[in-house]
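Everything below concerns the one structure shown next.
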Amino acid sequence: MVGLSLGEKHFIKGGIDQNIRSDGRKRDYYRPIFVKTGVIPQANGSARVRMGATEVIASVKAELGKPSALHPDKGKVAIFVDCSAVAEPTFEGRGAEELSAELSVALERCLLGGTSGAGAGIDLTSLIVAEGKICWDLYIDSLVISSDGNLLDALGASIKAALANTAIPKVNISAAASADEQPEVDISDEEFLQFDTSAVPVIITLTQVGRHYIVDATSEEEPHMSSAVSISVNRKGHVCGLTKRGGEGLDPSVVSDMISVAQHLSELLMSRLDSEISAAEAEIGDDEES
Amino acid sequence: MEFVNPEGLRLDGRRPMEMRQLRAEIGAVARADGSAVFEMGNTKVIAAVYGPREVQNKSQQSNDQALVRCEYTMANFSTGDRKRKPKGDRRSTEISLVIRQTMEACILTHLMPRSQIDIYVQVLQADGGTRSACINAATLALADAGIPMRDLVTSCSAGYLNSTPLLDLNYLEDSAGGADVTVGFLPKLDRVTLLQMDAKLPVDIVENVMQLAIEGCKAIATYIREVLLENTKQLEYRRGL
């Protein structure tokens, strides 16, 4: 990407100070969001989300596995992010390794709760088939196709949409199995359970530029940030995860203020995403019927 | 297993000489100089071209022509089973090389010395013929980027199962163990730039199957030309001409 001149940098910073950004948005506005679900037919669930020019695809694949010995009543979820070279030439080869790892861990922190699985946005107990023996392993793979800033929010939204689209097949277990044996499973081809996403949080990233914070930064605004805080908030307004990036220190009162701003914005983003997701799901329903 | 039933229909209902449905979209990646999405049936790939731009690695710079680089990757979710390592495995390296050589032969590199053209191809869904879909997508992306080329490069695969030459194999037909011939073709110049085959074929059948693949390439070239014309009309319309 071509570097920005000093004049351009002043323009962007000045705009943010005056609450008019380069594309005309106010500091707390998101770019237009488009959601399309069911884009990867061979996955259990998938979604493609576009926020402005940032575009990501998320897919959810469910496989049967064994629950960990520490948590025999919980299934497992793993999140992987891959940044495609298509989005940015610097992502070629191993260039995106660090960024992908950072995004994967940030997403896991926001959506999956602590190491014990407590407080997860995704209900892991709903993934159990036979306690201690068989559970569903969900593999969530995200791919960044086009990068124009605010990747974490877009990835969070795409995972939420993909989970809403996810249908896990019903499993019938043969009853007559002793305590040590692996029970036989019969995976249904016809009956599916829609995954419950009411508790999945959304991620809001607030980027501080100068004295103000903006939401949904584009790639020309991101280099000016002094620090950024990504907060995931669920439907009830509870904070599910928090990540601070950037070297500059933040006053604790600023952090509390950012959290309350994020909580307020999360309601708007959540309702917007919900309506986009249900519109996308309805579109699939129409296609299937016609 | 029967790949062509007695009525002459294949597993997905196509006739032996019928290609899968093609769909192309130009300009999918906003930040790339040129980009395209190309679908052949269930195989879906996205290609992005960055360039001509300054060479990143000065030791590779050439004073009389442009440097063409290519990277082919498959998404984790592109195949039925999850792929754990999307880049760097041998198959991806080989296909990157194949695409680079095919496109390099076609780009007028002498017009852009001391510069670099990067072609990135990402497979979103793999159902056989990914190599061909990638070359077709790369052609469209290069055209979208305005990079001068000798001709459009189109590619198609063909095989031979149940004693019938089949055009445009999908994944099931490809893994059946029969031959898989991939052809890269320059339609206007009427030249073959890429030819790869695996498995065995009787010598007198090879010519037939290759010819069938070339016919497929010509059909794809017609479609690509239509897509490019339509795209140009849209651009003219948006400029108010």
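Taken together, the values in this text are just the output of simple stated rules run on the coordinates, not laboratory data. Keep in mind that this is a model prediction, so the values were computed, not measured. Note that we place each Cβ from the backbone using ideal geometry, even for glycine, and neighbour counts take in every protein chain shown.
Where nothing but the Cβ of Lys and Arg (+1) and of Asp and Glu (-1) is charged, how large is the charge dipole of the protein assembly as shown around its Cα centre, in debye to the nearest 20?
Charge dipole, the protein assembly as shown, about its Cα centre: 1560 debye, nearest 20.
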If one compares the long axis through the Cα atoms of helix A:6-17 with the longest principal axis of the Cα atoms of chain A, the angle in degrees, nearest 10, works out at 70
One finds the C-alpha centres of region A:77-93 and region B:92-123 to be spaced, in Å, by 21
A chain fully extended from residue A:212 to residue A:125 at 0.36 nm per residue, minus the present Cα-Cα distance, gains in nm 27.2 nm
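What number, rounded to the nearest 500 deg cm²/dmol, is the helix-based mean residue ellipticity at 222 nm of the protein assembly as shown, given -39500 (n - 2.57) per DSSP H run of at least four residues and division by all its residues?
-10000 deg cm²/dmol
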Going through A:36/A:66; A:9/B:58; A:74/A:244; A:61/A:133; A:61/B:44; A:66/A:236 one by one, the pairs whose alpha carbons sit over 23 Å apart turn out to be A:36/A:66; A:9/B:58; A:74/A:244; A:66/A:236
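For a protection proxy built on the mean count of beta-carbon atoms within 10 angstrom, sort A:84-90, B:203-209, B:146-152 highest first, please.
Ranking the peptides A:84-90, B:203-209, B:146-152 by packing returns A:84-90, B:146-152, B:203-209.
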In terms of the charge dipole of the protein assembly as shown, which places +1 on Lys and Arg and -1 on Asp and Glu at the beta carbon, the residue among B:121, A:75, A:22 farthest towards the positive end is A:22
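Apply the membrane-span-like helix rule to chain B: whole DSSP H runs, Cα extent along the own long axis of at least 27 Å, mean Kyte-Doolittle hydropathy at least -1.0. List the helices found.
The answer, listed by residue number, is B:203-238.
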Region A:14-41 scanned against label point 7 Å out from residue A:257 along Cα→C-beta; backbone N under 12 Å for none
Note on chain B: contact order normalised by length, alpha-carbon pairs under 8 Å, 6 or more apart, percent, works out to 20
So the angle from the long Cα axis of helix A:151-165 to the longest Cα principal axis of chain A, reported in degrees to the nearest 10, equals 30
Computed over chain A, the relative contact order (Cα-Cα under 8 Å, seq sep at least six) in percent reads 20
In terms of the charge dipole of region B:22-238, which places +1 on Lys and Arg and -1 on Asp and Glu at the beta carbon, the residue among B:30, B:92, B:61 farthest towards the positive end is B:61
Burial-style ranking of B:216-229, A:152-165, average other-beta-carbon count within 10 Å with highest first, yields A:152-165, B:216-229
Taking only the alpha carbons of chain A, the radius of gyration and the largest Cα-Cα distance, Dmax, both in angstrom, are 20.5, 75
Computed for chain A: size of charge dipole around the Cα centre, +1 on C-beta of each Lys and Arg, -1 on C-beta of each Asp and Glu, debye to nearest 20, value 1120
In terms of the charge dipole of chain B, which places +1 on Lys and Arg and -1 on Asp and Glu at the beta carbon, the residue among B:17, B:232, B:41 farthest towards the positive end is B:232
Per the protein assembly as shown, sqrt(5λ) over the Cα gyration tensor eigenvalues, sorted largest first, in Å, gives 41, 34, 19
Relative contact order in percent for region A:3-101 (Cα pairs under 8 Å, 6+ apart) equals 12
Residue A:135 neighbourhood, Cβ < 14 Å, K/R = +1, D/E = -1, net charge -1
Between the alpha carbon centres of region B:48-72 and region B:193-219 the gap in Å comes to 32
Helix A:252-289 sits off the longest principal axis of the Cα atoms of chain A, rounded to the nearest 10 on a 0 to 90 degree scale, by 60
Partner shielding of A:88-99, taken as the mean number of other chain Cβ atoms within 10 Å, equals 3
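For chain B, what is the charge dipole size about the Cα centre, in debye to the nearest 20, if Lys and Arg each add +1 at the Cβ and Asp and Glu each add -1 at the Cβ?
Its charge dipole is roughly 840 debye.
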Region A:1-155: antiparallel bridges as % of DSSP beta bridges, rounded to 5, reads 75
Per-residue average of other protein chain Cβ atoms inside 10 Å, peptide B:44-51 -> 3
Taking every residue of B:66-77, the Cβ atoms of other protein chains inside 10 Å of its Cβ average out to 5
Simple spin-label estimate for residue A:42/residue B:82, 7 Å along Cα→Cβ, in nm, reads 1.5
